[in-house]
Structures are given as structure tokens and as C-alpha cells.
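The structure appears below as C-alpha cells.
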Amino acid sequence: MCTRSLTSDRGRAEIQFSMPNSSPTDKPFILRPALLLAMVLFFNFAARVVFSPILPMIEQELLLSHAQTGTFFLLITFGYTVAILLSGFLAARIQHHRVIIVSIAVAGAALLLISVSHTLLQIRLGLVLLGMGAGLYSPSGIATLTQSVSRRHWGKAIAIHDLGPNLALIVAPAAATLFIGGAGWRALLTTIGALCLLTAGAFALFSRQGRFAGQPPHLGNIRAILSQRVFWVVTLYFAIGVAGVLGIFAVVPTYLVSERGMPHEYANMLVSVSRLTVLPVIFLAGWLRDRLGERRLIGGVAFVTGMLTLALGLAPTRYLPAVVILQPTVLAALFPAAFSAIAAIGPPETRNVAVSLMVPGCYILGGGVFPAVMGVLGDQGRFFIGFAVVGTIALLSLLFLPLLTLPSMSEESL
């Protein structure tokens, strides 16, 4: 039996976590749980990122400005944040398995609602609901995945799991291009919404993982997690990753079209191609995490990503295709290491709480505030300022890398 003690400096509050079945090192690597969760995460992510390539069409139909549609992602993030903070209470009552089912079903229903909306208010309400559905997933998904395999296989498992969002980042622009030229953006949302509902049914029928309850957030486990320095360091890098992937992905098509003069179809095609190169990098990142550890991998990714994000805003237009492709390719390697690091600071029962505490602020800044600010900058023809700020922060974050200390994998299994 492994017991972990998390001690808060204030009040000397100590919580003991007993882990009789916490990822034993002799547990074999099973592919099916990661694949099923990757399927759920694919539609969870596609339901949100599909709005980026269709924003120009929505702006055109409803006569909206960049600033108004930029708040779409802030509304999704608001719903996401509320749901992720409350997800622990739901997981404690109905177990992680059912939370995952509810998550993707609500996301699908929200897309169907938006697809038949004709006013800005209706769309905004649908976006908040979409964010709430999506927000329920992450704490239960990570807790389920890391409980299904031993820690020495977390890199591979999280890499496979991360195929979901990265495939969504490829498929969404391609599907948008197809539907924009034919049935339109409303039909696209209807299709993805229906597929989300089918995915909820498939996961309910075929998945056996996640049939355990999580812990709801309470003062004891919150204090124990927040008192750890490593939690704040991982949160910093995760926020940079979210801004670099979700935030930049949300505005790059509009940036390329309105500020760099690229045709709409070419911009969406370029973004789709940029995600194709991500897929082999994800598997390489999982392999590197299992061999180099989280700190080395995160540090290398942060440096290269910072340079590429700066180039995205400052490079001449003729070099932009290469930068647009390389930036998400390198950044994709961050997330297997970041999720592995956050899962390592607590036992299975509290991993959902750790994720619930880390993710909301990161998504508020990177997936909500950043696109909204970029929308305002875009109206002034100054998208490049936002890219320069994110790139600079990524480079400065290297100063905190020595503070990213985690227990070794051998210690985890004692």
C-alpha cells in the first residue's frame, strides 16, 4: 500500500491518501480505455473549436464585429469553468463513467440548439451550455485514464488520449470548408451535435472504465493541492499551452484572412495542414515523457513554442505557412507531460480535484480572455501584439522550470 501525505504550510493541516490500487507498476498497458476516451474528447473538442473556422460566416450572416464574435470563446469558457468547478460534486454522486456520458451529451444538445438559433442572445446561451457540457469531461476523463494504466505508461496513454483534440483541430477546419461551400454552418453544427449524442451512447455501452467516485472539492483537499509548489508551476505551463493552442487556433484563420490578406479557403486549409504534423509528435511526446520525464520535455517545448509564437506575429507573410505549421506541432508535445505532472501530485480519488483547480483559470485566460482581447486587437489591425505577448511569456516561464519537481516513478509505486 502506498500512502501519500500532502501538508499545508498554514495550519499544519495534513491529509493522508491511501492508494492500495494506485497504478501498480505491474499493470499492463491496455489500449482500449485510451481509445474510447480519445473518441469522447475528439467530439468534446470538435464541438468547441468548430466555431473558429466558421466565425467569418456567422459574422456575415448576423452582421457582427470581430470583437462580438471574439466573446463567443469567452462564453464557452465561462460555462466550461462553472462546470469544471462543480464536476467533483457530480462525480462523487454518479461516478466518473456517468459524468463523461453526461458531458458529451450536453455538448451535443447545445450544438443542436445553436444550429437553430437566429439571434445573438440565443447563440450566447447555447455557447454557455456548450462550455458546461465540455467542462464536465476533463477531471473525470483524466482520473479515469490515469487509473486505467500504471504511471510508467501514462505518457503513452495520455498521448493516445490527446489524439482526440488534435484530430478535432484537423477535422474542424476541413469540415467547415466543406460545409461552407455547401450546406452551411448551421448544418455543420447539427451534424457534430448529432454525432456527440451518438458518442455518449457508444461510451455508455462499450466502456467499463471510470466506475468509481471522485472526491468533491472541500477545504482539506483544496488546501493540500494548492500548497504544493509544483501545482502552480504546472498550471503556468498549462495556461501557456492553452493560449498557444486554443487561443491562437481561435483567431489564426481570421488573422490570416483579415490582416495578412489570405483567401478564406486557403487559411482554413493551412490551419488543417498544420494539425496533420501534430499527430506523430503526440506519440513522440508520450515516448519522451516516459524516458526524459516531465520537466525536461516541458522546458524544451516552452522555449521552441515561445520563439515560434513570436514569429507568428512578426514574420513576413511569405514565411507564415511554415510558422503556422510548426507552432502547433511543437506545442502538442506539452500536454502529455503537463497532464502527467498534474496527475502525479495526488491519488486517483483526488486527481479530478487537481484538474478542476488547474484547468478553469487556464481556459479563462487562454481560451476565453485571449481570443476576446485578440478580437479587439484585430479590429485595430494589431493581431501581432497578442502573439508577441504569448511568445514572450512562454520564454520567461523557463525561469520557473527548476521548481517543477515531481516524485520519481519508482517512488510512486512504493
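The values are calculated or read from the model by the stated rules, or taken from the named source; none is laboratory data. Because the structure is a prediction, the values reported are computed rather than measured. Cβ placement follows ideal geometry from the backbone for every residue including glycine, while neighbour counts extend to all protein chains displayed.
Overview of values
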{"item": "Residue that is part of a helix (DSSP H, G or I) and touching a Pro at 6+ places or on another chain (Cβ under 9 Å), where the choices are Arg318, Arg275", "result": "Arg275"}
{"item": "Candidates Ala109, Ala91 - the one that is under 24 Å from Phe206 (Cβ atoms), surrounded by fewer than 23 Cβ atoms within 10 Å (Cβ to Cβ) and aliphatic (A, V, I, L, M)", "result": "Ala109"}
{"item": "Among (1) closer than 30 Å to Gly299 by Cβ; (2) within 20 Å of the chain's Cα centre (by Cα); (3) of a type outside the set (A, V, I, L, M, F, W, C), the one test that Thr199 misses", "result": "(1)"}
{"item": "Qualifying residue in region 302-316 (condition: among the small types (Gly, Ala, Ser) and surrounded by 24 or more Cβ atoms within 10 Å (Cβ to Cβ))", "result": "yes"}
{"item": "Matching residues, region 131-154, being assigned to a loop (DSSP other than H, G, I, E, B) and closer than 24 Å to Val106 by Cβ", "result": "Leu136"}
{"item": "Flag for Ser140 being within 22 Å of the chain's Cα centre (by Cα) and over 26 Å from Ser272 (Cα atoms)", "result": "yes"}
{"item": "Residue ranges of helices (runs of 4 or more DSSP H) in region 332-405 with at least 1 members charged (D, E, K, R)", "result": "348-363, 370-379"}
{"item": "Verdict on Pro360 being crowded, with 22+ Cβ neighbours inside 10 Å, of a type outside the set (Asp, Glu) and touching a Leu at 6+ places or on another chain (Cβ under 8 Å)", "result": "no"}
{"item": "Selection count where residues are under 19 Å from Ala344 (Cα atoms) and in a helix (DSSP H, G or I), scope region 203-233", "result": "12"}
{"item": "Residue within region 131-140 that is out of contact with any helix residue (DSSP H, G or I) (no Cβ under 6 Å at 6 or more places or on another chain) and among the hydroxyl-bearing types (Ser, Thr, Tyr) present", "result": "no"}
{"item": "Close pairs (8 angstrom Cβ cut-off, 6 or more residues apart or separate chains): more than 21 Å from Val82 (Cβ to Cβ) in region 110-129, among the charged types (D, E, K, R) anywhere", "result": "Ser115/Arg186; Val116/Arg186"}
{"item": "Checking Ser65 against (1) modelled with pLDDT under 85; (2) under 23 Å from Thr190 (Cβ atoms); (3) polar (S, T, N, Q), the condition it does not meet", "result": "(2)"}
{"item": "Restricting region 249-268 to residues that are touching a Ser or Thr at 6+ places or on another chain (Cβ under 7 Å) and assigned to a helix (DSSP H, G or I), the residue that is surrounded by the most Cβ atoms within 10 Å (Cβ to Cβ)", "result": "Ala250"}
{"item": "Residue list for region 71-120, filter: among the polar types (S, T, N, Q), out of contact with any helix residue (DSSP H, G or I) (no Cβ under 6 Å at 6 or more places or on another chain) and outside any helix (DSSP H, G or I)", "result": "Thr119"}
{"item": "Region 167-184: number of residues that are modelled with pLDDT under 80 and within 21 Å of Trp287 (Cα to Cα)", "result": "0"}
{"item": "Qualifying residue in region 165-179 (condition: under 18 Å from Val355 (Cα atoms), part of a helix (DSSP H, G or I) and either in contact with a Cys (Cβ under 7 Å, 6 or more places away or on another chain) or touching a residue at least 12 places away in the same chain (Cβ under 8 Å) (or both))", "result": "yes"}
{"item": "Condition broken by Ala224, with the remaining ones in (1) within 21 Å of Thr305 (Cα to Cα); (2) out of contact with any helix residue (DSSP H, G or I) (no Cβ under 7 Å at 6 or more places or on another chain); (3) buried (at least 21 other Cβ atoms within 10 Å of the Cβ) satisfied", "result": "(1)"}
{"item": "Residue selected from region 277-289 under the condition modelled with pLDDT under 80 and surrounded by fewer than 18 Cβ atoms within 10 Å (Cβ to Cβ), by the criterion farthest from Pro53 (Cα to Cα)", "result": "Trp287"}
{"item": "Test: residue in region 322-331 that is free of Cβ contacts under 8 Å to residues at least 12 places away in the same chain, surrounded by fewer than 20 Cβ atoms within 10 Å (Cβ to Cβ) and assigned to a helix (DSSP H, G or I)", "result": "yes"}
{"item": "Subset of region 152-164 (residues that are out of contact with any Pro (no Cβ under 7 Å at 6 or more places or on another chain) and buried (at least 24 other Cβ atoms within 10 Å of the Cβ))", "result": "Trp154, Ala157, His161"}
{"item": "Residue among Gly155, Gly126, Gly141, Gly164 that alone is farther than 18 Å from Ser207 by Cβ and modelled with pLDDT of 85 or more", "result": "Gly126"}
